[in-house]
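Undergrad: Shown below is the structure under consideration.
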2 protein chains.
Amino acid sequence: MKDQADISEIMEDIGRRARAASREIAIAPPEAKSAALTHAADLLIERTPEIIAANADDLSFGRDNGLSGAMLDRLMLDEARIFAIAEALRAIAAQPDPVGAVMDAWDRPSGLHIERVRTPLGVIGVIYESRPNVTADAGALCLKSGNAVILRGGSESFHSSGAIHACLVEGLTRAGLPVDAIQRVPTRDRAAVSEMLTMTDHIDVIVPRGGKGLVGLVQREARVPVFAHLEGIVHIYIDKDADPEVALKVVLNAKTRRTGICGAAECLLIHQDVANTIGQGVIRALLEKGVEVQADEMLGAIEGTVPASEESWGKEFLDMIIAARVVPDLDAAMGHIARYGSDHTDCIVTANPETAERFLTEVDSAIVMVNVSTQFADGGEFGMGAEIGIATGRLHARGPVGAEQLTSFKYRVRGSGTVRT
Amino acid sequence: MKDQADISEIMEDIGRRARAASREIAIAPPEAKSAALTHAADLLIERTPEIIAANADDLSFGRDNGLSGAMLDRLMLDEARIFAIAEALRAIAAQPDPVGAVMDAWDRPSGLHIERVRTPLGVIGVIYESRPNVTADAGALCLKSGNAVILRGGSESFHSSGAIHACLVEGLTRAGLPVDAIQRVPTRDRAAVSEMLTMTDHIDVIVPRGGKGLVGLVQREARVPVFAHLEGIVHIYIDKDADPEVALKVVLNAKTRRTGICGAAECLLIHQDVANTIGQGVIRALLEKGVEVQADEMLGAIEGTVPASEESWGKEFLDMIIAARVVPDLDAAMGHIARYGSDHTDCIVTANPETAERFLTEVDSAIVMVNVSTQFADGGEFGMGAEIGIATGRLHARGPVGAEQLTSFKYRVRGSGTVRT
């Protein structure tokens, strides 16, 4: 544990080096950036045993600190997962380079030729939980988009993230790029996060991925602009016009396929007209699968449910638990989502196109779905390649944040001595 | 002058009403929004005499407070300018409605159909200087983009902005839309600005347009996300391969066509190889036009110039004044722009395509130009219609900010009971 003055100094130094590296990386050749990522992928495979050993240290630290099963699952690395991380790096390497891409071009009657082209943002600070793969994804996406990045992962993933970060740095070196383009905060001390949030000279945007603790800290302390990545408090509303088969398939998949991801459903809202028919069937199926159902009074009549409390609503369980409530109509369902949701992903099950349209229009979440498992809330499933997370704010980035969302743009205007009358 | 507690209460009330109105305006029919703007335009024309009278009060207040000629010019309204403001409202009314527009749509092998559609941002706070036309443009653009807006113009334009705002409000009423969608801070007290900067519950983004005083305040106090609109510290670099005719035309137009706009050139950088040829000719022409040239030592040899000081660089004169300096090469020119510029608009005059390309790529300003008068830095000239200003930040909005830049987006995903394997 270091004292505050030390941490300020460490972070100031990291920031200055990131700013300097950002200027080089902004104009680095696309091939060099891809080469760095490919080298890093090779290194990850080569060093799989060391990474698994580092991860074992983290897992034991995590168990000692009482991490939940879902959190330990997010933290765990094995050969298959490391292979998947390496594959993700190769996929990012193979994607088109966004920097300099012409988004739009047009001519004006004045004689001007105008282009809108993508540019990097500068220096990105990523603050995330104990998911080691984010170290690779975030580092790679920031590099691909011509940005320098400062990574600060959860303390439980300290060793795993360090081992992965070392591969990225070695990749940069082999490709002749500045190693300071992908830096990692070398301390578990939370004071480093506070520093990052106020480093307006050295960091252009913070991407915070995490739960309520981090969000509160960001809201209180952030001076640097933020792309919010709140938790995924994902709702599914079963409408009175829902198809029973669709409701059953979608809810079961959305809750149980993988409980530890942010697209996992956490709350089920059921129209009162179908509570005793479709609703009851879905809840019984969830219970059979081993899901704990925290039910409101009406659904509490179903054997096996446990009573919901006020804490059940708006909670990201990330586990085999779901909250369930009966609502009188669509407006009440949307009202519940507006009050308890996190603007991440919300879904309606209905066969009524007008109801679907209202839900899609009026629910203001990054991703709104009709008759789709919310587990599809994922950049890969959207066809965007790797993502740094699902942005829940409405500024700049929203939904899955891939390399393109980590860029800005500028206007390039050409004339021939063109003057304005 | 009201005391701080009163102002907090007033702003809290405005904020709450804006948030409520934002929900209605987000789903208002496009025709209603257009009708409100057309009515407002009619009212502006009808009420031209009252608006000019209100403006006369402001002008006399401005003169008493020592506003510069350029500032008084920005503040002044006459029949022609009010007509132009009304025409701008009609043009915005006639533009396509951005809300709900499908930006992109695609199918996935999983069976998902995904659309990316534009959505409003929510509540926008606009803080600007004493330019009454911004009241109309900002109010109209926020409405068009489905946002509620809180307008806070410079105190010297208090009466003119009030008269224009009244037309917008009456337009909303006639169109059956909530009048709280376009609100104006009803006090000149600067404390209201500090309130706006911290109203995170009620304001989603602040658009600050102003000079260093406002920028400093925003940097110290803003808790609400900000689209920065710095001053336009616009540079023109005359390269050694510049065409002499082009240099002369571009610089004269960029400096003298209209000095009070943010695209007006403020600093001239001249490659040393052409300082005594092209540079001398351009500076003599500026002097002949009545421009004060604050010259560095080398250019100071030209009769009629005045010596530059350190304050000459990075200054927005908004007047018949330009700073001028000789630089050894392109890198020095870009270094000067990086150090003293405001990331707004910068231009190179050169006939060398490689030099142009380097300038366009490496100068990180919202608008970079080759052989074009910087007075074209304007949403209208870009073909975007009216603008709220030229954003100089790199997040979300950059360059001319029209209705589209005031929107976010979301993903609408449709399936048919589609589940993830």
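Every number here is computed from the coordinates shown, using simple stated rules; none is lab data. Not measured: the values here are computed from a predicted model. Cβ placement follows ideal geometry from the backbone for every residue including glycine, while neighbour counts extend to all protein chains displayed.
Undergrad: Keeping to pairs on different chains or 8 or more places apart, tell me how many lysine pairs in chain A have Cα atoms under 16 Å apart. Walk me through the numbers before you get to the answer.
TA: Values: A:Lys33/A:Lys144; A:Lys212/A:Lys315; A:Lys249/A:Lys289; A:Lys255/A:Lys289; A:Lys255/A:Lys315.
The number of close lysine pairs in chain A is 5.
Undergrad: Let me ask you something else. Taking the Cα centre of the protein assembly as shown as the origin and placing charges on Cβ (Lys, Arg +1; Asp, Glu -1), which of A:Gly216, A:Ala265, A:Thr187 is farthest toward the positive end of the dipole?
TA: In the protein assembly as shown, that residue is A:Ala265.
Undergrad: Moving on to the next point. Give me the percent of DSSP beta bridges within chain A that run antiparallel, rounded to the nearest 5.
TA: On the way: 15 of 53 bridges.
Roughly 30 percent of the beta bridges in chain A run antiparallel, per DSSP.
Undergrad: Report, for the protein assembly as shown, the % of DSSP beta bridges that are antiparallel, rounded to 5.
TA: Working: 30 of 116 bridges.
Counting DSSP beta bridges with both partners in the protein assembly as shown, the antiparallel share is about 25 percent.
Undergrad: From the Cα gyration tensor of the protein assembly as shown, with a ≥ b ≥ c the square roots of its eigenvalues, which class applies: rounded if a/c is under 1.5, or else prolate if a/b is larger than b/c, or else oblate?
TA: Working: a/c = 2.14, a/b = 1.37, b/c = 1.56.
Oblate shape, in that a/c is at least 1.5 and b/c is the bigger or equal ratio.
Undergrad: By counting other Cβ atoms within 10 Å of each Cβ, how are B:Asp241, A:Asp137, A:Asp346 ranked from fewest to most? Mind dumping the intermediate values first?
TA: Values: B:Asp241 18, A:Asp137 24, A:Asp346 31.
Ranked by crowding around the Cβ, least crowded first: B:Asp241, A:Asp137, A:Asp346.
Undergrad: Treat the count of other C-beta atoms within 10 Å as a stand-in for reagent exposure and order B:Val123, B:Val205, B:Val250 from fewest to most. Please list the in-between numbers first.
TA: Details: B:Val123 28, B:Val205 22, B:Val250 31.
Lowest count first: B:Val205, B:Val123, B:Val250.
Undergrad: Calculate the all-directions average of the projected area of the range B:234-382's alpha-carbon convex hull, and give it in nm².
TA: Result: 7.5 nm².
Undergrad: Taking H as built 1.01 Å from N, whose amide H comes closer than 5 Å to the amide H of A:Ala265, not counting residues under 5 places away?
TA: Placed amide hydrogens put A:Lys255 under 5 Å from A:Ala265.
Undergrad: Now for a separate question. Place a label point 7 angstrom from the Cα of A:Arg284 along the Cα-to-Cβ direction, then list the residues of the range A:301-326 whose backbone nitrogen is under 16 Å away.
TA: Hits in the range A:301-326 for A:Arg284 at 16 Å: A:301-305.
Undergrad: How many partner chain Cβ atoms sit within 10 Å of a residue's Cβ in peptide B:24-32, on average, as a whole number? Mind dumping the intermediate values first?
TA: Numbers: counts 0, 0, 3, 3, 0, 0, 0, 0, 0.
Mean shielding by partner chains, rounded to a whole number: 1.
Undergrad: What is the sum of charges, Lys and Arg at +1 and Asp and Glu at -1, for the other residues whose Cβ falls under 14 Å from the Cβ of A:Leu37?
TA: Values: positive: A:Lys33, A:Arg90, A:Lys144, A:Arg174; negative: A:Glu31, A:Asp42, A:Glu87, A:Asp97, A:Asp137, A:Glu170.
So the environment of A:Leu37 carries a net charge of -2.
Undergrad: Can you pull the mean other chain C-beta count within 10 Å for peptide B:240-249? Don't skip to the answer; put the middle values down first.
TA: Numbers: counts 0, 0, 0, 2, 0, 1, 5, 1, 1, 4.
Taking all residues of B:240-249 together, the mean is 1.
Undergrad: When the dipole is taken about the Cα centre of chain B, and only Lys, Arg (+1) and Asp, Glu (-1) are charged at their Cβ, what size is it in debye, to the nearest 20?
TA: Details: 42 positive and 59 negative charges, 300 e Å.
Computed about the Cα centre, the dipole is about 1440 debye.
Undergrad: What does the net charge come to around A:Val99 if you take all other residues with beta carbon closer than 9 Å to its beta carbon, with K and R at +1 and D and E at -1? Could the numbers behind the result be given before it?
TA: Details: positive: A:Lys33, A:Arg118, A:Lys144; negative: A:Asp97.
Every neighbour counted, the sum reads +2.
Undergrad: I would also like to ask the following. Just how far, in whole angstrom, is the range B:231-299 from the range B:160-180 if you go by their alpha carbon centroids?
TA: 44 Å
Undergrad: B:Ala338 to B:Glu46: extension gain in nm, 0.36 nm per residue of separation minus the Cα-Cα distance? Intermediate results must be reported in sequence, preceding the final value.
TA: Numbers: separation 292, 0.36 × 292 = 105.12 nm, distance 4.75 nm.
Length gained, B:Ala338 through B:Glu46: 100.4 nm.
Undergrad: Quick check: the distance between the Cα centres of the range B:343-396 and the range A:388-421, to the nearest angstrom?
TA: 14 Å
Undergrad: Enumerate the amide H contacts of B:Glu292 below 5 Å, restricted to partners 5 or more residues apart or on another chain; note that Pro and chain-start residues carry no placed amide H.
TA: It is B:Ile321, B:Ile322, by chain and number.
Undergrad: Starting from the 7 Å offset along Cα-to-Cβ, what nm value, one decimal, do you get for the label separation of B:Ala101 and B:Gln219?
TA: It works out to 3.4 nm between the two label points.
Undergrad: Where both partners of a DSSP beta bridge lie in the range A:234-376, what percent of those bridges are antiparallel, to the nearest 5?
TA: 0 percent
Undergrad: Here is a further query. Which helices count as membrane-span-like in chain A under these terms: full DSSP H, at least 20 Å along the axis by C-alpha, Kyte-Doolittle mean of 1.0 or more? Provide the component values of the computation, followed by the final result.
TA: Numbers: long enough: A:4-26 (32 Å, -0.53); A:30-46 (24 Å, 0.25); A:48-64 (24 Å, -0.26); A:79-94 (22 Å, 1.04); A:158-174 (24 Å, 0.45).
The qualifying helices are A:79-94.
Undergrad: Which Cα, out of A:Ser416, A:Gly304, A:Pro178, lies furthest along the positive dipole direction of chain A (beta carbon charges, K/R +1, D/E -1)?
TA: A:Ser416
Undergrad: Among B:Asp57, B:Asp319, B:Asp104, which one shows the biggest mean-square fluctuation in a GNM of chain B, springs joining Cα atoms closer than 10 Å?
TA: B:Asp104
Undergrad: What are the radius of gyration and Dmax of chain B, computed over its Cα atoms and given in Å?
TA: When restricted to Cα atoms, chain B yields Rg and Dmax of 23.3, 80 Å.
Undergrad: Now for a different question. Quick one: if you stick a label point 7 Å off each Cα along the C-beta vector at A:Arg90 and A:Ala301, how many nm between them?
TA: 5.7 nm
Undergrad: Shifting gears a bit: Averaged across the residues of B:399-406, what count of C-beta atoms belonging to other chains lies within 10 Å of each residue's C-beta? It would help to have the intermediate numbers written out before the result.
TA: Working: counts 7, 1, 0, 0, 0, 0, 0, 0.
Across B:399-406, the average partner-chain Cβ count within 10 Å equals 1.
Undergrad: Might you report the magnitude of the Cβ-based charge dipole of the range B:234-382 about its Cα centre, with Lys and Arg at +1 and Asp and Glu at -1, to the nearest 20 debye? Provide the component values of the computation, followed by the final result.
TA: Working: 11 positive and 25 negative charges, 90 e Å.
Once rounded to the nearest 20, the dipole reads 440 debye.
Undergrad: Quick one: order B:His344, B:His39 by neighbouring beta-carbon count within 10 Å, fewest to most.
TA: Numbers: B:His344 25, B:His39 20.
Going from least to most buried by this count: B:His39, B:His344.
Undergrad: What's the magnitude of the charge dipole for the protein assembly as shown around its Cα centre, counting Lys and Arg as +1 and Asp and Glu as -1 at the beta-carbon? Answer in Debye, nearest 20. Write out the running numbers ahead of the final one.
TA: Numbers: 84 positive and 118 negative charges, 97 e Å.
In total the dipole reaches around 460 debye.
Undergrad: At 7 Å along Cα-to-Cβ for each site, give me the label-to-label distance between A:Asp273 and A:Glu24 in nm.
TA: 6.5 nm
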